[in-house]
1. Would you mind telling me which numbered condition in (1) over 23 Å from ALA254 (Cα atoms); (2) among the aromatic types (Phe, Trp, Tyr); (3) assigned to a helix (DSSP H, G or I) TYR189 fails?
2. Can you tell which of ILE214, ILE206 is in contact (Cβ under 8 Å) with a residue 40 or more places away in the chain, farther than 30 Å from ARG107 by Cβ, hydrophobic (A, V, I, L, M, F, W, C) and touching a helix residue (DSSP H, G or I) at 6+ places or on another chain (Cβ under 6 Å)?
3. So which of ALA549, ALA560, ALA568, ALA555 ends up being in contact (Cβ under 8 Å) with a residue 40 or more places away in the chain, crowded, with 22+ Cβ neighbours inside 10 Å and not β-branched (Val, Ile, Thr)?
4. Taking the conditions exactly as written (open to solvent by less than 60 Å² (accessible area, probe 1.4 Å), within 18 Å of ASP340 (Cβ to Cβ), among the aliphatic types (A, V, I, L, M) and touching a Lys or Arg at 6+ places or on another chain (Cβ under 6 Å)), does ILE424 satisfy them or not?
5. Show me the strands (runs of 3 or more DSSP E) entirely contained within the range 317-378 in which 1 or more residues are of a type in the set (Lys, Arg) and either more than 27 Å from ILE515 (Cα to Cα) or open to solvent by 40 Å² or more (accessible area, probe 1.4 Å) (or both).
6. Restricting the search to the range 355-381, which residues are in contact with a Gly (Cβ under 8 Å, 6 or more places away or on another chain) and over 16 Å from ASP497 (Cα atoms)?
7. Could you please let me know if ALA306 is crowded, with 18+ Cβ neighbours inside 10 Å, among the small types (Gly, Ala, Ser) and either touching a Lys or Arg at 6+ places or on another chain (Cβ under 6 Å) or farther than 30 Å from PRO187 by Cα (or both)?
8. If the Cβ limit is 6 Å and pairs must be 6+ apart or interchain, which residue in the range 162-175 that is within 18 Å of LYS222 (Cβ to Cβ) pairs with which residue that is aliphatic (A, V, I, L, M) and open to solvent by less than 90 Å² (accessible area, probe 1.4 Å)?
Amino acid sequence: MPLYLVSAPAAAAKLAAGARASPRRRRQLLLPARHFHVLSVHPLPTSRRASLSSLSSSAERAAGRAMAAAEAGASTAPEASSSGVKQALISLSDKTDLANLGNGLQRLGFSIISTGGTASSLEAAGVNVTKVEEITHFPEMLDGRVKTLHPSIHGGILARRDQKHHLEALNKHGIGTFDVVVVNLYPFYDKVTSGAISFEDGIENIDIGGPTLIRAAAKNHKDVLVVVDHKDYPALLEYLDGKQDDQDFRRMLAWKAFQHVASYDSAVSEWLWKQTNKGETFPPSFTVPLSLKSTLRYGENPHQKAAFYSDKSLSLVNAGGIATAIQHHGKEMSYNNYLDADAAWNCVSEFESPTCVVVKHTNPCGVASRQDILEAYRLAVKADPVSAFGGIVAFNTTIDEDLAREIREFRSPTDGETRMFYEIVVAPGYTEKGLEVLKGKSKTLRLLEAQRSGKGMLSLRQVNGGWLAQESDDLTPEAITFTKMSERAPEGSELSDSRFAWLCVKHVKSNAIVIAKNNCMLGMGSGQPNRLESLRIAFRKAGEEAKGAALASDAFFPFAWNDAVEEACRSGIAVIAEPGGSIRDQDAVDCCDKYGVSLLFTGVRHFRH
């Protein structure tokens with residue numbers, strides 16, 4: 001019979017109790033061989049003998065009784081896990097479906113090793129568990145900071161089964177192998193986004209042992225199955241039950257494990273940067289954690305594949321926007337739908353008064369603010385009914401039954417007969433009846449409920465080989481000084497018209513011109529290579545209503561005479577708002593003075609490319 005030495009007094013006591021128990025109970029209490037170190041028959045080195053002699057006399061007596069009991073009650077010694085016993089290590093913060101996993105692994109013949117609360121939960125579910133400290137012969141220490149960081153754990157995970165010298169090293173040190181590692185991490189993300197949290201508490205919620213276990217198992221995925229998501233438990237059990245050897249399955253789990261850790265680390269990095277560099281916007285490097293929300297039918301065009309990812313950055317928690325919108329009805333969102341809905345929602349979220357915004361190809365083609373939201377909707381469509389058809393309609397108020405019926409039944413101002421068609425309706429909420437009415441308009445009409453877009457976000461945009469980062473353009477007219485440059489000052493509502501036009505032009509693609517009056521967009525010109533052409537498009541849409549209205553330009557006018565400024569003055573505009581900053585600004589002032597037009601400089605440009 002092999003000779004065993006019990007490595008810890010607790011284990012010895014457990015075996016000693018077995019010697020006094022019934023044969024059946026004794027078999028239940030006998031520890032597997034992984035709790036022992038096999039002693040070689042050749043003389044031990046002096047240092048080893050000294051180490052063994054350090055055992056307390058009580059432990060020695062317990063060990064002796066345990067060995068006697070083992071000899072009397074067992075015909076064969078338990079087989080070391082490195083020689084065939086399958087082991088699974090489970091350590092979880094999120095214990096969803098843990099009982100099913102533990103019982104499933106036990107049914108498949110796995111010996112389960114676990115830690116702290118996970119072990120307690122498994123035992124409560126009727127699963128036999130060996131605690132990690134019985135393997136490492138070290139208690140959990142340093143307030144839980146050290147549990148699994150031990151060669152007896154990581155050696156069993158990292159050892160390659162196709163390398164003889166790896167297995168020899170395990171046998172030499174009495175270490176068993178692990179076939180399955182199931183770990184998820186401290187809820188750091190939830191903790192630091194749940195409200196006020198001290199720096200010290202945040203630090204204590206950074207997981208160390210968990211990522212180390214996950215990375216070790218993922219690296220050795222050829223021999224160790226690593227699982228970080230409870231949704232993968234059924235697939236894991238099915239794989240094990242079928243005794244499969246699908247390396248693609250193992251690699252997919254390994255990829256998911258490394259991605260899980262990478263996302264976790266990005267949250268820690270982002271949080272720590274903000275804690276220590278509160279005045280600096282752009283870190284030397286950072287990671288954006290993206291999570292696949294849906295695959296799309298196609299991209300901007302049918303020949304392009306596409307997908308939609310949600311951004312899990314800490315800075316975007318509760319930031320609102322289209323990415324977190326709830327879809328209540330309609331066809332699945334497309335690539336272009338997301339872009340247009342985002343543009344419409346970002347624009348309407350800027351207004352405090354009840355407002356409707358209509359967007360086509362990311363440009364607002366109709367905007368109106370009124371206390372009567374039904375009137376605001378009609379005016380927004382009227383601004384450009386041709387473009388509005390097939391567009392996106394956004395509101396910053398809850399859609400009730402009356403507004404829903406108006407949206408459903410409203411006829412195009414162009415002929416008074418054609419019922420308006422929209423791809424998407426976006427609002428911060430719907431009444432039950434309002435939602436019911438809109439669902440009856442079309443099976444394909446997408447109805448989105450979104451939270452107001454947040455401020456102070458970091459804006460990212462890709463170029464080939466890199467990314468551009470900038471602060472979001474959060475300036476509103478209330479934060480800007482409109483400086484009178486002309487002899488004539490704006491009269492009556494002309495200043496408020498200028499502010500309204502200025503807020504609209506901020507959301508129009510450059511070169512951008514907006515003509516507005518009485519809190520209603522009358523016409524806009526966008527995306528033209530020259531400002532004069534954008535101005536002419538805006539006037540063509542506004543028609544005669546442009547007389548006495550306000551005009552806003554997203555950037556300065558490079559020329560005035562016989563150009564955009566003079567053309568605007570001749571067309572009857574009452575007030576022009578522009579950033580200023582041209583070397584020919586005086587020409588613009590002189591031109592406006594000649595025609596009696598008020599000229600306001602904002603000192604702020606709103607380019608949008």
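1. If we test TYR189 against (1) over 23 Å from ALA254 (Cα atoms); (2) among the aromatic types (Phe, Trp, Tyr); (3) assigned to a helix (DSSP H, G or I), just (1) comes out false.
2. ILE206
3. ALA549
4. Spelling it out, ILE424 is indeed open to solvent by less than 60 Å² (accessible area, probe 1.4 Å), within 18 Å of ASP340 (Cβ to Cβ), among the aliphatic types (A, V, I, L, M) and touching a Lys or Arg at 6+ places or on another chain (Cβ under 6 Å).
5. Ranges flagged: 355-360.
6. CYS356, VAL357, VAL358, VAL359, LYS360, ASN363, CYS365, VAL381, listed by residue number.
7. Here the answer is no, as ALA306 does not meet what is asked.
8. HIS166/ALA159; LEU170/ALA159
The values are calculated or read from the model by the stated rules, or taken from the named source; none is laboratory data. Here the structure is a predicted model, which is why all the values come from computation and not from measurement. Virtual Cβ from ideal backbone geometry, glycine too; neighbours counted across all protein chains shown. What goes into the accessible areas is simple: the full protein's heavy atoms, side chains included, and nothing from ligands, DNA or RNA. Shrake-Rupley method; radii C 1.70, N 1.55, O 1.52, S 1.80 Å.
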